[in-house]
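Enquirer: Below is the structure I would like to discuss, written out as structure tokens.
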Amino acid sequence: MHITEFYKNKEFVLSFEIAPPRNGEDIDKVYKCVEKLMEFNPSFITVTQGSGGSLRGGTAAIASTIKRKFGVEVVSHITCLDKSNKMIENELITNHYLGIENIMALRGDPPWGDKKFIPVKDGFSYASEFVEEIQRKNNGKYILRHNDWKFFKLEQDAKYRLGEKTNFCVGIAGYPEGHRECKDEIKNIEFQKLKVDTGSDIIFSQILYDSKHYFKFVKDCKEKQISVPIIPGIMPITFNGQINFITETCGVNIPKTYLDNLIKFKKNKKKFLNTSVEFTALLCNDLIEKGIPGLHFYTLNNWSIITKILKLLNK
């Protein structure tokens, strides 16, 4: 089932993002996290790939297992980092054969320490190119090998080999406060529209801590005739080290009062977490009261703090 159907049929959609374990670590901890989150009846769960060069294999396998084991719809993340178009085609088909119908299409961040994303040979430089590739698979168009034109009796100028059509719903990332590589508001929305025009079906926002950024982003998108669902992404801050990553690496602003309180309690874990839970619940309730299609929580597999926040929501 395409996840966009939930936004047509429900007043409010709750969803979670979980991450595979680092290679060699216990997968049962991930399924335990999902089991705990299922208490809140999410419509779907997304499964990430490793970011910044982190080695976390098994995204499609984990997503497929969650779908079978818990009976919940899933979204499989795929990034373009270190992958040629042929490797990405193989990943898409792996997901297709596993019965996964929803793909989160991401260019991906540069590896830690690198300032610029550099695609590999025959790789994609932009998420819009990746979205186009997914839509080619949805139209049954596959990459040619060097002699396919002869083997399949194709015209010598044929660009693709025709095959079984996939049925992927495509999610993409949105940046209410601008992408770290593009802080120009106008260009940011233009790039967003390009990804939608090439075949994206739903937008999940980068983490945010101020609802005004989300609603301005939605307004700007609508003015550019972007009509797909735009879902706010929520990630509670659970330890002091996240602060620099959020503000510097992600380029996301943390409201001063909240930031001051986090810094004040950085050596008191209990008060630090209580501050985060209370602020995040207030943010979510503000978003809910102002009208949103749903909430998407970036859980970092920390089900306990997500549970505390959810119990404070006006839903």
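Each row is one residue, and each column tells you yes or no for (1) of a type in the set (D, E, K, R); (2) surrounded by fewer than 16 Cβ atoms within 10 Å (Cβ to Cβ); (3) touching a residue at least 24 places away in the same chain (Cβ under 8 Å).
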residue: Leu92; (1), (2), (3): no, no, yes
residue: Lys115; (1), (2), (3): yes, yes, no
residue: Ile118; (1), (2), (3): no, yes, no
residue: Gly123; (1), (2), (3): no, no, yes
residue: Ser128; (1), (2), (3): no, no, yes
residue: Glu133; (1), (2), (3): yes, no, yes
residue: Lys137; (1), (2), (3): yes, no, yes
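Enquirer: Which members of the stretch 266-312 meet the condition of being in a loop (DSSP other than H, G, I, E, B) and surrounded by fewer than 16 Cβ atoms within 10 Å (Cβ to Cβ)? Break it down into steps so the answer makes sense when it comes.
Expert: Looking only at the stretch 266-312, we keep the residues that are in a loop (DSSP other than H, G, I, E, B), and these are 266-268, 291-293, 299-302, 311-312.
Those that are in a loop (DSSP other than H, G, I, E, B) and surrounded by fewer than 16 Cβ atoms within 10 Å (Cβ to Cβ): Lys266, Lys267, Asn268, Gly291, Lys311, Leu312.
Enquirer: If a residue must be more than 26 Å from Pro119 (Cβ to Cβ) and without any contact (Cβ under 8 Å) to a residue 40 or more places away in the chain, how many such residues does the stretch 35-65 contain?
Expert: Counting residues in the stretch 35-65 that are more than 26 Å from Pro119 (Cβ to Cβ) and without any contact (Cβ under 8 Å) to a residue 40 or more places away in the chain gives 7.
Enquirer: Considering only the stretch 26-54, state which residues are at pLDDT below 95, closer than 23 Å to Ile3 by Cα and surrounded by fewer than 20 Cβ atoms within 10 Å (Cβ to Cβ).
Expert: The one that is at pLDDT below 95, closer than 23 Å to Ile3 by Cα and surrounded by fewer than 20 Cβ atoms within 10 Å (Cβ to Cβ): Gly50.
Enquirer: Further question: Looking at this structure, is Pro236 in contact with an Asp or Glu (Cβ under 9 Å, 6 or more places away or on another chain) and at negative phi?
Expert: Numbers: in contact with an Asp or Glu (Cβ under 9 Å, 6 or more places away or on another chain): no; at negative phi: yes.
Answer is no for this residue.
Enquirer: I'd like to verify a number: residues in the stretch 213-254 that are over 19 Å from Leu14 (Cα atoms), part of a helix (DSSP H, G or I) and not polar (S, T, N, Q), how many?
Expert: Narrowing the stretch 213-254 to residues over 19 Å from Leu14 (Cα atoms): 213, 216-217, 219-227, 237-254.
Checking which are part of a helix (DSSP H, G or I) leaves us with 213, 216-217, 219-223, 242-249.
Filter once more, so that each one left must be not polar (S, T, N, Q): 213, 216-217, 219-223, 243, 245-246, 248.
Residues in the stretch 213-254 being over 19 Å from Leu14 (Cα atoms), part of a helix (DSSP H, G or I) and not polar (S, T, N, Q): 12 in total.
The values are calculated or read from the model by the stated rules, or taken from the named source; none is laboratory data. Predicted model, so just to flag it, every value in this text is computed and none were measured. Note: ideal-geometry Cβ built from the backbone for every residue, glycine included; neighbour counts use all protein chains shown.
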